[in-house]
Ligand SMILES: Cc1ncc(COP(=O)(O)O)c(C=O)c1O
């Protein structure tokens with residue numbers, strides 16, 4: 001594997017500014033041009049084991065034959081007509097999402113941030129005059145102004161204020177703080193079942209059930225942002241199913257169409273009763289190409305595969321623990337959403353570049369969390385390659401530390 005990766009001699013030298021694109025991202029200095037299964041190939045023929053899956057967007061890896069076939073068939077039939085029409089294709093996907101969530105109605109959009117925007121609007125519409133939504137510190141719900149304002153992180157607000165009003169923020173995993181923040185204007189609580197972008201923060205076991213209880217007692221909606229955690233990623237179809245709570249609104253995006261842009265909001269009947277034509281919309285939402293991929297994704301998400309996600313995630317965590325690096329302070333997350341917390345002397349971004357140098361792509365969250373979001377289709381052999389690379393790369397960059 002390492003030979004195939006063909007070491008970048010010095011990744012820093014290879015890193016270059018894009019001549020044409022806005023400088024919104026710090027990009028890895030490789031140019032992937034082909035993908036197959038759990039591997040990416042760059043323009044110089046190097047091979048990489050993909051343990052970030054386009055930030056949790058390609059759970060079935062690259063070029064999955066069945067998803068590709070479904071998309072190709074749809075490409076040959078019809079691409080887009082807008083939501084002016086009844087669509088049996090959208091109905092088919094919606095019914096799969098309804099049975100997976102045990103909720104009642106679906107709205108399609110194109111991304112995670114749009115699903116947050118829709119959830120905010122639906123909650124306020126239902127609230128009929130109440131507007132305030134309680135969110136959590138460290139949360140990430142998207143980058144458009146509503147979802148940015150719903151996200152409890154100063155670092156992503158900076159330079160964009162004033163925020164959209166109507167949000168208050170409480171510490172994550174703090175039930176009392178939620179209770180204390182409720183006013184007569186509060187309409188909903190929005191929360192990620194596991195905070196992804198801010199470091200794979202897993203709350204205590206009953207957090208969501210306790211939130212559910214508080215919401216019921218105060219006539220509030222519980223909005224769960226499953227954009228990153230949803231559709232099998234944590235080893236359950238939805239992360240809230242670890243606790244068996246029933247949310248009022250669930251937002252979904254990322255892995256739903258294995259790389260094609262699609263988002264969805266699934267609501268309970270009481271929320272959907274408040275929604276009438278003209279209240280919300282999206283020209284591209286539920287486009288047929290992405291929907292055809294998503295129907296196949298839902299079919300492929302079998303109980304066995306989701307169990308494989310659970311087992312594989314645990315196996316990866318066990319191996320990392322067994323290496324005994326003292327600078328690793330915690331290995332957290334569920335299923336194949338894993339965060340490795342290093343002590344603050346270790347820069348996770350530097351470590352991620354070292355991995356890239358050795359042919360394995362991982363991500364980071366915050367300054368000192370290494371983030372693993374491998375595809376669900378990874379094999380034992382690929383896990384072994386990852387483990388070997390993990391051990392040797394860390395040994396090389398931080399020694400036994
Ligand atoms: C939990 C969560 N919500 C919302 C979003 C925003 O999704 P998108 O980038 O598709 O707009 C993300 C993206 O990382 C996310 O992790």
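No lab work stands behind these numbers, since they all come straight from the coordinates. Owing to the predicted nature of the structure, the values given are computational and were not obtained by experimental measurement. We place every Cβ from the backbone using ideal geometry, glycine too, and count neighbours over all the protein chains shown.
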Take every DSSP beta bridge whose two residues both sit in the chain, then give the antiparallel share in percent to the nearest 5.
65 percent
As I understand it, the value is the acute angle between the Cα axis of helix 303-323 and the longest principal axis of the Cα atoms of the chain; what does it come to in degrees, rounded to 10?
50 degrees
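I need the peptides 320-328, 54-62 ranked by packing, meaning the mean over residues of other C-beta atoms within 10 angstrom, with the highest value on top. Numbers along the way, then the final one.
Values: 320-328: 14.1, 54-62: 22.6.
Highest mean packing first, the order is 54-62, 320-328.
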Could you line up 267, 109, 24 from fewest to most neighbouring Cβ atoms inside 10 Å?
24, 109, 267
Note to self, the chain gives a 222 nm [θ] from helices alone (DSSP H runs n ≥ 4, -39500 (n - 2.57) apiece, / all residues, nearest 500) of -11000 deg cm²/dmol
Using the alpha-carbon centroid of each, what span in Å lies between the stretch 173-195 and the stretch 222-241?
18 Å
Would you please put 25-31, 377-383 in order of how densely packed they are, using the mean number of other Cβ atoms within 10 angstrom per residue and starting with the highest?
377-383, 25-31
Degrees between helix 288-300 axis and first principal axis of the chain (Cα, 0 to 90, nearest 10)
70 degrees
C-alpha long axis of helix 207-217 to longest principal axis of the chain, angle in °
10 degrees
Roughly how many whole Å is it from the C-alpha centroid of the stretch 119-142 to that of the stretch 279-316?
25 Å
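Over the chain, what relative contact order in percent results from Cα pairs under 8 Å that are six or more residues apart? The partial results should precede the final answer.
Values: 797 pairs, mean separation 90.4, N = 401.
Relative contact order, the chain: 23 percent.
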Restricting to the stretch 65-300, what percent of DSSP beta bridges are antiparallel, rounded to 5?
40 percent
Given the peptides 120-129, 44-53, arrange them by the average over their residues of other C-beta atoms within 10 Å, most packed first.
44-53, 120-129
Determine which residues of the stretch 224-263 fall in the zone a paramagnetic label at residue 104 would reach in this model, i.e. backbone nitrogen under 16 Å from the point 7 Å along Cα→Cβ.
246-250
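Fewest Cβ neighbours within 10 Å first, please rank 224, 103 accordingly.
Working: 224 29, 103 21.
The order, fewest Cβ neighbours first, is 103, 224.
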Compute the distance from the alpha-carbon center of the stretch 36-113 to that of the stretch 256-270, in whole Å.
11 Å
Where a ≥ b ≥ c are the square roots of the eigenvalues of the C-alpha gyration tensor, would you call the stretch 143-258 rounded, which needs a/c under 1.5, or, failing that, prolate if a/b is larger than b/c, or oblate?
oblate
